[in-house]
Amino acid sequence: MIISPSVLSLHYDKFNEELDLLNKHADWIHFDVMDGHFVPNLTFGPDILKAFRRNSKLFMDVHLMVEDPVYFTDVFASAGADSIIFHYEAFNNISSCIDLIDKIHSKYLKAGISIRPNTPVEIVEELLDKIDIFLVMSVEPGFGGQAFIEDSYQKIKYLDDYKKKHNLDFIIEVDGGVNDRNAHDIIQAGANALVAGSFIFNGDIENNINKLKNA
Ligand code: DX5
Ligand code: ZN
């Protein structure tokens, strides 16, 4: 199981100490980029990602919650991203999504698609044989610390069944409200990667990562 702590919840006054724990115990680092337009919150620019990159060899998992993911793909690719995950709703158009997936692949990065909780997963079915990561949003994007939306289990199962039926191997990553009480069921439904922010950072980071790993 891939554990991808969301550094939205890292305590930046303890950057070195907490990043050191991630370097020892996590698999990926999940980096939530919000532009104040696509979602009503504003987070990190590329210099922050560069600071993580300088201090970590972990896979940098970049989740773009922005209106212009084409522009920000270039920005965060240059800053050291290993994956670029963008939202279907930034375009609401499949061929634009395919163009961006191709662009991400031309930079030798993993390409991921995400959808808001109310967007039906079938809408992006055509993309499933082109992506490396499907990020299931199990909360409304924008803020950490929200409760897991139970309908997400159906999306995860649908994606897992689809993968098996079509012999695909994209990673199903689940983002929002993940904790030690629901991680087991999320994994059983078919998740391969878990993002967690508030659960991991509000408490003992090492212990909490291990709880998710062993769920
Ligand atoms: C929400 C972000 C998530 C968020 C998860 O828009 O995409 O990555 O940080 O935070 P928790 O684990 O607190 O729900
Ligand atoms: Zn995220």
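Values quoted throughout were computed directly from the atomic coordinates according to the rules given, and no laboratory measurement underlies them. From a predicted model like this one, the values you see are computed outputs, not experimental measurements. Cβ sites come from the backbone with ideal geometry, for glycine too, and all protein chains shown count toward neighbours.
Return, ordered by residue number, the residues of the stretch 39-77 whose backbone nitrogen is under 17 Å from a label point located 7 Å along Cα→Cβ of D102.
Residues passing the 17 Å test: 70-71, 74.
Which FRET efficiency, nearest 0.05, do D204 and K164 yield, Cβ-Cβ r, R0 41 Å?
0.70
Work out the FRET efficiency for K213 and E140 from their Cβ-Cβ distance, taking R0 = 22 Å, and round it to the nearest 0.05. Each step should come with its number before you reach the end.
Numbers: r = 27 Å, r/R0 = 1.21.
Rounded to the nearest 0.05, the efficiency is 0.25.
Among rounded, prolate and oblate, which fits the stretch 106-162 when a ≥ b ≥ c are the square roots of the eigenvalues of its C-alpha gyration tensor, a/c under 1.5 means rounded, and a/b larger than b/c means prolate? All intermediate terms of the calculation are to be shown ahead of the outcome.
Details: a/c = 2.31, a/b = 1.37, b/c = 1.69.
Judged from the Cα gyration tensor, the stretch 106-162 comes out oblate (a/c at least 1.5, b/c at or above a/b).
Under a plain spin-label model, where a point goes 7 Å from the Cα along Cα-to-Cβ, how far apart in nm are E126 and I48?
Between E126 and I48, the label points sit 3.5 nm apart.
For the chain, what proportion of DSSP beta bridges, expressed in % and rounded to the nearest 5, is antiparallel? Write out the running numbers ahead of the final one.
Details: 1 of 33 bridges.
If I count the DSSP bridges inside the chain, around 5 percent turn out antiparallel.
At a Förster distance of 22 Å, what's the computed FRET efficiency of D74 paired with H37, Cβ-Cβ distance as r, to 0.05?
On the way: r = 18 Å, r/R0 = 0.82.
That gives a FRET efficiency of 0.75.
Please report the spacing between the Cα centers of the stretch 29-106 and the stretch 169-184 in Å, no decimals.
Cα centroid of the stretch 29-106 versus Cα centroid of the stretch 169-184: 20 Å apart.
How far apart, in nm, are two points set 7 Å out from the Cα along the Cα-to-Cβ line at N93 and at D20?
5.0
State whether the chain is rounded, prolate or oblate according to the following rule on the C-alpha gyration tensor (a ≥ b ≥ c being the square roots of its eigenvalues): a/c under 1.5 gives rounded; otherwise a/b larger than b/c gives prolate, and the remaining case gives oblate.
Numbers: a/c = 1.56, a/b = 1.14, b/c = 1.37.
Note, shape of the chain comes out oblate.
Provide Rg and Dmax in Å for the stretch 61-100, with only Cα atoms included in the calculation.
9.7, 27
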